[in-house]
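Down below is the structure, laid out as structure tokens.
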Amino acid sequence: MRGPLGAVIGRYPSSDGSAQMGGIISHNRKCRDLVFLLIFIAFWVGMIVNSSFGFNQGNPLRLTYGLDYKGNVCGDKHANPGLRELELKYWLNPNQVYQSHLKDSQFKLADARSICLLDCPTPSEDSLNWVCDYPEGEIRLSMDDWIDRNYDYFEFLTPEMRNSSVNLQGPCYPVIFPSINVYWSCQFLARPSNVSLTHWKQMGGMNIDADLLIDKSIHKSTNSRSSVLKRYVSDIGKSWPVLIVCGGILPLFLAVIWLLMVRHFVAAMPWVTVVLFNVLIVAVTMFYYLKAGWIGNDAITPIIGEHDPYVHIFGRELNHMRAAAVLMTFVMVVSVLTSIAIIRRIIMATSVLKVAAKVIGEVQALIIFPIIPYAILAIFYMLWLSAALHLFSSGRVVQNNCNSNCCAYDLASKRVNCDRCCGYSLRYTPHIDIAIFFHLFGCYWATQFFVACSSTVIAGSVASYYWARRDTSPEIPFLPVFASMKRLARYNLGSMAVGSLTVSFMESIRFLLESIRRKLKVASIAPNSWIGRAAHNTSRFCLRCIEWIIKSVNRNAYIMLF
């Protein structure tokens, strides 16, 4: 091969006529794309600063658990009072919950008085249960004693406190409605206890609205799009042991086993790989059908813990699971049909794998090398995910401004307080959207960079074998993988940075255009004419083609570097 590769690879003279002194791989080269390498380093400095902001301002507990009326995050052991293991948000005043769902009401559910509990209260069968505010002031109870008493210290109240409690101003509130744990919020069920209502009326208690709206307000809040997104992000953080084992260690182990089997069972491996892939696709599809409720009785439910099987509460996540099941069905059909259609190609792949097996036998370090970039990416993803959780939950907890009646008894001041009794909400800083986007883009760029480095190292290692005419040669360097890594670190990191940046930039543009397209579709601003639709679909197709071409060109460019 005496083309442009001659100055880089092989035993041919360089372009200036000088003899090639580097053997199989030329060492007569210089660093490239230093400017982009400096940009990449500056970008990493920005990633560190951005992540530091998230670790300083964020609290991942906010993504799952709500805020009580004091602005504390449920389950936070550093709160005042300490709320360790008190993870369930419970609204004390049922009339406030009812009022927050009325169309003409300015009262919001975020302003309703709420506290954090260990479990959701249920009405008594023969008396009236109470849930009282956090003990303080004249109530000489510790938090543990308060929990052991089922949050009830009504018998210790003074006549003034009892009078305000009967008027639904606390510090104790009646348990009239049963409640159930729905995504760590106590969802009221619109089935008031007749026994509890009778006792409440006998005490002269204020009228309590028992309409169906009592449960719709909480359901609307827990089922909103922002709440669902926060739960998805939080679930990723909570499932880190599963991600490490099933998404990290197990695939690495299976990949090494696959390489070893390629080395010793070349003829059978293409068929084994195709069959196992299709079996895996079918198994995953059946799993989605199971969780979507179309097979068996193990569908996902928003209710946490044991509950009455006759209680059915809808969750947006179930629709997402059913959409995923439909998508996986399509993928499964395409996978099986494609496997049947490419049988001849599979036979051809056997000869290709035979060459690959010879390369692995000659350059045995290729079996171990993938562990290095894999470990680097694993560490990066763990740090990145932790920073992402803190960024998504960063912001300031501030008190709402409301003009509604939310008076409640203050145990510390020993009186009913109507000043600044509104609830608290998490307010995001103006630049948090930019910080999150920067963090997401950073993940994609870093991933592409590590993949590019891995591909280039493998290309340089295989070149040592390939350009030796497939024979054992003294010119093949000892441990060619590490020799290739040394050349990469010395000459080509800048090229890896610019190549991975190009792919990441095109992918980001496509993602933004897709987001705009979905918003226009929802807003019914999509083109209606056939010319507009054709132009719209053609632009999407061209953008994806450009992305594929850039990825292909980049991969070939990484190989050409050696």
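Selection within segment 86-104: residues that are part of a loop (DSSP other than H, G, I, E, B) and open to solvent by less than 30 Å² (accessible area, probe 1.4 Å). The member of this set that is modelled with the lowest pLDDT is 100. Number of residues in segment 246-272 that are assigned to a helix (DSSP H, G or I), open to solvent by less than 60 Å² (accessible area, probe 1.4 Å) and in contact (Cβ under 8 Å) with a residue 24 or more places away in the chain equals 8.
For residue 180, indicate whether it is under 17 Å from residue 314 (Cβ atoms), in contact with a strand residue (DSSP E or B) (Cβ under 8 Å, 6 or more places away or on another chain) and in a helix (DSSP H, G or I). No; evaluated as a whole, the condition is false for this residue. Taken over segment 285-302, the criterion of being open to solvent by 50 Å² or more (accessible area, probe 1.4 Å) and either touching a residue at least 12 places away in the same chain (Cβ under 8 Å) or within 30 Å of residue 386 (Cα to Cα) (or both) is satisfied by 287, 288, 289, 294, 300, 301. When each of 383, 366 is tested for being assigned by the TED database to the domain that holds residue 463, of a type outside the set (Gly, Ala, Ser) and either within 19 Å of residue 422 (Cα to Cα) or open to solvent by 30 Å² or more (accessible area, probe 1.4 Å) (or both), the lone residue that passes is 383. Among residues of segment 302-356 being aromatic (Phe, Trp, Tyr) and in a loop (DSSP other than H, G, I, E, B), the one that is modelled with the lowest pLDDT is 310.
With respect to (1) part of a loop (DSSP other than H, G, I, E, B); (2) out of contact with any Asp or Glu (no Cβ under 6 Å at 6 or more places or on another chain); (3) not assigned by the TED database to the domain that holds residue 177, the lone exception for residue 83 is condition (2).
All of 406, 443 fail the test of being touching a helix residue (DSSP H, G or I) at 6+ places or on another chain (Cβ under 7 Å) and at pLDDT below 80, apart from 406. Just need a number here: residues in segment 112-126 that are within 31 Å of the chain's Cα centre (by Cα) and open to solvent by 10 Å² or more (accessible area, probe 1.4 Å). Result for segment 112-126: 4.
Every test in (1) touching a Leu at 6+ places or on another chain (Cβ under 9 Å); (2) at pLDDT 85 or above; (3) of a type outside the set (A, V, I, L, M, F, W, C); (4) open to solvent by less than 70 Å² (accessible area, probe 1.4 Å) is passed by residue 71 save one, and that test is (1). In segment 181-200, the count of residues that are within 18 Å of residue 123 (Cβ to Cβ) and touching a Cys at 6+ places or on another chain (Cβ under 7 Å) is one or more. Residues that are in contact with a helix residue (DSSP H, G or I) (Cβ under 6 Å, 6 or more places away or on another chain) and part of a loop (DSSP other than H, G, I, E, B) were ranked within segment 209-245; the one that is most open to solvent (accessible area, probe 1.4 Å) is 209.
Scanning segment 405-429 for residues that are under 39 Å from the mean Cα position of the chain (by Cα), of a type in the set (D, E, K, R) and part of a loop (DSSP other than H, G, I, E, B) yields a single hit, 420.
Of the residues in segment 403-416, how many are open to solvent by 30 Å² or more (accessible area, probe 1.4 Å) and within 20 Å of residue 72 (Cβ to Cβ)? Residues in segment 403-416 being open to solvent by 30 Å² or more (accessible area, probe 1.4 Å) and within 20 Å of residue 72 (Cβ to Cβ): 3 in total. Of all residues in segment 158-200, those being open to solvent by 30 Å² or more (accessible area, probe 1.4 Å) and in contact with a helix residue (DSSP H, G or I) (Cβ under 6 Å, 6 or more places away or on another chain) number 1.
Among the residues of this structure, residue 275 counts as one that is β-branched (Val, Ile, Thr), surrounded by fewer than 14 Cβ atoms within 10 Å (Cβ to Cβ) and outside the structural domain of residue 186 (by the TED database). Contact map, segment 346-357: first residue surrounded by 14 or more Cβ atoms within 10 Å (Cβ to Cβ), second residue of a type in the set (Asp, Glu), Cβ cut-off under 9 Å, separation 6 or more or different chains; the map is empty. So which of 461, 504 ends up being in a helix (DSSP H, G or I), over 26 Å from residue 46 (Cα atoms), in contact with a helix residue (DSSP H, G or I) (Cβ under 8 Å, 6 or more places away or on another chain) and at pLDDT below 75? Selected residue: 461, the only one of 461, 504 that is in a helix (DSSP H, G or I), over 26 Å from residue 46 (Cα atoms), in contact with a helix residue (DSSP H, G or I) (Cβ under 8 Å, 6 or more places away or on another chain) and at pLDDT below 75. Find all pairs meeting these conditions: Cβ atoms under 8 angstrom apart; at least six residues apart or on different chains; first residue within segment 321-340 and under 12 Å from residue 289 (Cβ atoms); second residue part of a helix (DSSP H, G or I) and open to solvent by 60 Å² or more (accessible area, probe 1.4 Å). The qualifying pairs are 321/288; 324/288; 325/288; 328/288.
One line per residue, one yes/no per condition, for (1) of a type in the set (Ser, Thr, Tyr); (2) in contact with a strand residue (DSSP E or B) (Cβ under 7 Å, 6 or more places away or on another chain); (3) within 30 Å of residue 189 (Cβ to Cβ):
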residue	(1), (2), (3)
269	no, no, no
293	no, no, yes
296	no, no, yes
303	no, yes, yes
317	no, no, yes
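Being open to solvent by less than 30 Å² (accessible area, probe 1.4 Å), assigned to a loop (DSSP other than H, G, I, E, B) and not β-branched (Val, Ile, Thr) is a property that holds for residue 107.
Taking (1) of a type in the set (S, T, N, Q); (2) surrounded by fewer than 16 Cβ atoms within 10 Å (Cβ to Cβ); (3) closer than 29 Å to residue 191 by Cα in turn, residue 129 satisfies each apart from (2).
The values are calculated or read from the model by the stated rules, or taken from the named source; none is laboratory data. This is a predicted model, so every value here is computed, not measured. Ideal geometry is used to build each Cβ from the backbone, glycine not excepted, and the neighbour counts take in all protein chains shown. Heavy atoms of the whole protein, side chains included, go into the accessibility calculation; ligands, DNA and RNA do not. Shrake-Rupley method; radii C 1.70, N 1.55, O 1.52, S 1.80 Å.
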